[in-house]
Amino acid sequence: MTNFGRVLIEIREELKAPFRLNILSDGLDCYSPEWHIKRMTTLPDGERFRSGADRYAAYLETTEGRLRLDLAFASLQEFLPHATQSLRALDLGCGTGAIAVRLARIGLHVTLLDESLPMLDFAKRAARDTGVTEKIALRHGDATRIADSFDGELFDVVLCHNILEYVEDPCAVLRSAARALRDRSSILSVLVRNQAGEVLKAAIQDGDLAATEHNLTAEWGHESLYGGRARLFAAESLHSMLVAASLVATAERGVRVISDYLPPKVSRNDEYERIFELERKLGRRREFAAVARYTHCLAHRAGPVMRDGA
């Protein structure tokens, strides 16, 4: 059995518990129980992703991981132009390249940026396995320092999916992402952990009233896949960050509104398509999106882009 297979089995068991290739770099070739959180919390943020690529890739094979990907991609597709062949996309903190490969399959040329070489290696194999290597470029670099990796390059789509939770200055990343957008019709796709969703998770899934109370006002929550902390975003704080980066939200969707709380009698695998369609309906409605586990925001430039230090 491969290491990836062992990790996937491990994560699936934990979920049952209660609780082209253009190498432009320098040398590029779940939820868990509390013991795992304690084991990983000593790792710096960047090291979590460099050493945990197998675990993250396995997580994306779980129902929760698939739903997060499928729902975010479906919402993004709603706002893409029908003619995608000439579009260029940038995936910041691309991870295993799961979304980037999907974009390449529908015609976009995608540049993937990540500081984790193991993650980029996963993305490289994914692009090869799906036959889209000519549409994929990999760059090894820090997503918080986009200017160091891209000298005036512009993109029609920029993805910031599950990266703002782990950086010290998410506003700086958003400003840099805004500068990378080609024009005001270009799309910024942001996916972040929703504070309200963490409140409900603590109460409904974990039965932890102390954590429920804490999450009502907490800036940081626990990252249960790797351990350590992850920033929580309230709607007001996210919108304020977008405004500060001269961005305006054009649409908002909730990702995983109820799926995490379904009783065991509902098979996540057998009912996956039905759950997905229900999540799509709920995620479009503001009252349900407000309490989803993740907030997916589509935005574009509102005007002149603010420069660092402005």
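Consider Val192 carefully, then state whether it is surrounded by 21 or more Cβ atoms within 10 Å (Cβ to Cβ), in contact with a Ser or Thr (Cβ under 6 Å, 6 or more places away or on another chain), assigned to a strand (DSSP E or B) and of a type outside the set (Gly, Ala, Ser).
yes
Which condition does Val173 not pass, out of (1) more than 18 Å from Asp142 (Cβ to Cβ); (2) in contact with a strand residue (DSSP E or B) (Cβ under 9 Å, 6 or more places away or on another chain), if it passes all the others?
Going through (1) more than 18 Å from Asp142 (Cβ to Cβ); (2) in contact with a strand residue (DSSP E or B) (Cβ under 9 Å, 6 or more places away or on another chain) one by one, Val173 breaks only (1).
Residue by residue through the stretch 222-247, note down the ones that are touching a Cys at 6+ places or on another chain (Cβ under 8 Å) and either closer than 27 Å to Gly52 by Cα or among the charged types (D, E, K, R) (or both).
Ser224, Leu225
Please count how many residues of the stretch 195-227 are part of a helix (DSSP H, G or I), surrounded by 20 or more Cβ atoms within 10 Å (Cβ to Cβ) and among the small types (Gly, Ala, Ser).
3
Cβ-Cβ below 8 Å, separation at least six or inter-chain, first residue in the stretch 51-67 and closer than 14 Å to Gly95 by Cα, second among the acidic types (Asp, Glu): which pairs?
Listed by first residue and then by second, the contacts come to Ala53/Asp121; Ala58/Glu10.
Could you check how many residues of the stretch 54-64 are under 18 Å from Arg274 (Cβ atoms) and either among the basic types (Lys, Arg) or in a helix (DSSP H, G or I) (or both)?
Within the stretch 54-64, residues that are under 18 Å from Arg274 (Cβ atoms) and either among the basic types (Lys, Arg) or in a helix (DSSP H, G or I) (or both) number 2.
If I filter the stretch 261-273 for residues that are in contact with a helix residue (DSSP H, G or I) (Cβ under 6 Å, 6 or more places away or on another chain) and either in a strand (DSSP E or B) or at pLDDT 95 or above (or both), do I get at least one hit?
So far as the stretch 261-273 goes, yes, one or more of its residues are in contact with a helix residue (DSSP H, G or I) (Cβ under 6 Å, 6 or more places away or on another chain) and either in a strand (DSSP E or B) or at pLDDT 95 or above (or both).
Step by step: first the residues of the stretch 188-219, then only those that are polar (S, T, N, Q) and within 16 Å of the chain's Cα centre (by Cα), then the one that is farthest from Val291 (Cα to Cα). Which residue is that?
Ser189
Of all the helices (runs of 4 or more DSSP H) wholly in the stretch 66-149, which have at least 3 residues that are farther than 20 Å from Val173 by Cβ?
Helices (runs of 4 or more DSSP H) meeting the threshold: 98-105, 117-129.
Within the stretch 131-158, which residues are surrounded by fewer than 15 Cβ atoms within 10 Å (Cβ to Cβ) and either at negative phi or within 18 Å of the chain's Cα centre (by Cα) (or both)?
Across the stretch 131-158, the qualifying residues are Glu134, Arg145, Ala147, Asp148, Asp151, Glu153, Leu154.
Every residue, every condition in (1) of a type in the set (D, E, K, R); (2) at pLDDT below 90, yes or no:
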| residue | (1), (2) |
| --- | --- |
| Thr144 | no, yes |
| Arg175 | yes, no |
| Ile187 | no, no |
| Asn194 | no, no |
| Glu198 | yes, no |
| Gly207 | no, no |
| Leu225 | no, yes |
| Leu232 | no, no |
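Of all residues in the stretch 231-247, which are crowded, with 20+ Cβ neighbours inside 10 Å, under 17 Å from the mean Cα position of the chain (by Cα) and not in a helix (DSSP H, G or I)?
Of everything in the stretch 231-247, those that are crowded, with 20+ Cβ neighbours inside 10 Å, under 17 Å from the mean Cα position of the chain (by Cα) and not in a helix (DSSP H, G or I) turn out to be Leu232, Phe233.
The values are calculated or read from the model by the stated rules, or taken from the named source; none is laboratory data. This structure is a prediction, so every number in the text was calculated from the model and none was measured. Note that each Cβ is placed from the backbone with ideal geometry, even for glycine, and that neighbours are counted across all protein chains shown.
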